[in-house]
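Read the structure below first, then the notes.
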Amino acid sequence: MIGSSIAKRYARALFDIAAEDNLYEKYHQELIDFVSLLEGNKDLKEFLFNPIVDQDAKKAVVGTVIGKMDLSKVSANFFRLLVDKQRIGILGEIEVCYRQFMDDALKMVRVRIETAYPLSEGQMDKMKTGLAAATGKTVEMDVAVEESLLGGIVVRIGDTCYDGSIKTQLNNISKLLGEEI
């Protein structure tokens, strides 16, 4: 919980700068790129997250990494600040918080859809239009095929889950029949 509140403060600070420059998505993409780099390089991640490693060594390595990436000056300074304040370990949480701030500002909602079978373009367009009307926001969909559902669809919008899968319906019927016996 403490990490989340700290991550939220750092994310808010970067977000406020992004608002001044109207570069929400650019800074978010740079956050994603840096997080992906850390997740993809175990040695670098362990080096930067290790509290025993000298801060100057971490700063030098981050400076080298920043030099090889095509980052804005704001993002580069932000990553250096995280190293200075020994907060580079919560970069993933910062990215999540920043994305939430950005989505709110841009009136966007991210939706996860799981189906038993691939959806056609027409079905995806209808789904996107319906969800946009229901939420009043621009919808960004992540669609995945989950064959274990047997049929139907599961839609997750934030913390809300709408489960219309056959698998869930069969489980509910099974529980109902089990209680009546």
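The values are calculated or read from the model by the stated rules, or taken from the named source; none is laboratory data. All figures in this text were calculated on a predicted structure; none of them were measured in a lab. Neighbour counts are summed over all protein chains in view; Cβ atoms, including those assigned to glycine, are modelled from backbone coordinates with ideal geometry.
Structural remarks
- Selection status of Phe101, in a helix (DSSP H, G or I), aromatic (Phe, Trp, Tyr) and under 30 Å from Ala134 (Cβ atoms): yes
- Of the listed requirements (1) without any contact (Cβ under 8 Å) to a residue 60 or more places away in the chain; (2) under 30 Å from Ser148 (Cα atoms); (3) outside the structural domain of Gly158 (by TED's automatic domain parsing), Ala60 misses just one: (2).
- Residue pairs meeting the criteria (Cβ under 8 Å; at least 6 apart or on separate chains; first over 19 Å from Glu39 (Cβ atoms), in the stretch 92-121; second among the acidic types (Asp, Glu) and crowded, with 18+ Cβ neighbours inside 10 Å): Val109/Asp103; Arg110/Asp103
- Test: Leu38 is more than 24 Å from Met102 (Cα to Cα) and in a helix (DSSP H, G or I): no
- Test: residue in the stretch 100-112 that is among the small types (Gly, Ala, Ser) and closer than 30 Å to Ser165 by Cβ: no
- Pairs, first modelled with pLDDT under 90 in the stretch 124-136, second among the small types (Gly, Ala, Ser), C-beta under 9 Å, six or more apart: none
- Complete set of residues in the stretch 42-73 that are surrounded by 11 or more Cβ atoms within 10 Å (Cβ to Cβ) and either among the basic types (Lys, Arg) or under 19 Å from the mean Cα position of the chain (by Cα) (or both): Lys45, Lys58, Lys59
- Residues that are closer than 17 Å to Lys26 by Cβ and crowded, with 19+ Cβ neighbours inside 10 Å within the stretch 74-90 comprise Ser75, Phe78, Phe79, listed in sequence order.
- Output for the stretch 12-37, where each listed residue is over 15 Å from Leu106 (Cβ atoms) and either β-branched (Val, Ile, Thr) or surrounded by 12 or more Cβ atoms within 10 Å (Cβ to Cβ) (or both): Arg12, Ala13, Leu14, Ile17, Glu30, Leu31, Ile32, Asp33, Phe34, Val35, Leu37
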